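One structure below.
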Amino acid sequence: MTKLEALTLVGRFYIYAIHGYAAEVMFTALWEFVVNFNLKLPGVTSVWSFPIYGLSVLVLEQMYLAMKARNTHLLVRCAVYTVWTYCWEFSTGLLLRQFDACPWDYTPFHGDFMGLVTLEYLPLWYMASVFMERVVIRYTRRIYLGPDIETVEGKQLLVQDVNGDIGTDKSK
């Protein structure tokens, strides 16, 4: 039998960070198009976004596992994720501002607090949290590492999940 292992914490951090980084570039490009009708679609972000998104989604992943175990409804889970997102965005922005490194400024928005968060993004953060749980976290936790598939043709696979539990691969 060939054993597959779940993606490590560092691997999941990387995927979450890359996803957030790319999503922010695409969002700012779309924003530039909608607001300024800029067909060049210049998307921007900051290198600080990489660890900010990576760490934040690792926390969301743990929240997801804890709330899912308690059968918490999706709408409630996503409300909790949104509150976490606001707390995380505010605290990381406040920290970065101490070094004149905060890449965002929401002062032109209505409902901003210290320019670090804005209530105008509430629906966006809520929908992003639904997407994070239902797509990004869900499928990232299903990534397993092992030998090339050609070397295991016809063999039953043992799968070790992120909790260390081992079982057989039901997908074959």
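The values are calculated or read from the model by the stated rules, or taken from the named source; none is laboratory data. If you're wondering where the values come from, they're calculated on a predicted model, not measured in any experiment. Neighbour counts run over all protein chains shown; Cβ positions are idealised from the backbone, glycine included. Areas reflect the complete protein model, heavy atoms only, side chains present, ligands, DNA and RNA absent. Shrake-Rupley method; radii C 1.70, N 1.55, O 1.52, S 1.80 Å.
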Non-local residues with an amide H under 5 Å from the amide H of Asp112, with H modelled 1.01 Å from N and Pro and chain starts lacking one, are Leu119
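At 1.4 Å probe size, with the rest of the protein present, what percent of the exposed accessible area of the range 1-77 is carbon and sulfur atoms?
On the range 1-77, the fraction of accessible area on carbon and sulfur atoms equals 71 percent.
Net charge near Met114: determine it from the other residues with C-beta under 12 Å of the C-beta of Met114, scoring Lys and Arg +1 and Asp and Glu -1.
Numbers: positive: Arg97; negative: Glu89, Asp105, Asp112.
Residues near Met114 contribute -2 overall.
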In Å², rounded to a whole number, the accessible area per residue of the range 1-117 with probe 1.4 Å is 60 Å²
Interchain or sequence-distant (5+) residues whose placed amide H lies within less than 5 Å of the amide H of Leu4 are Leu158, Val159, Gln160
Output row, site Leu30, 7 Å Cα→C-beta label point, backbone N cut-off 19 Å, window the range 105-133, residues 118-133
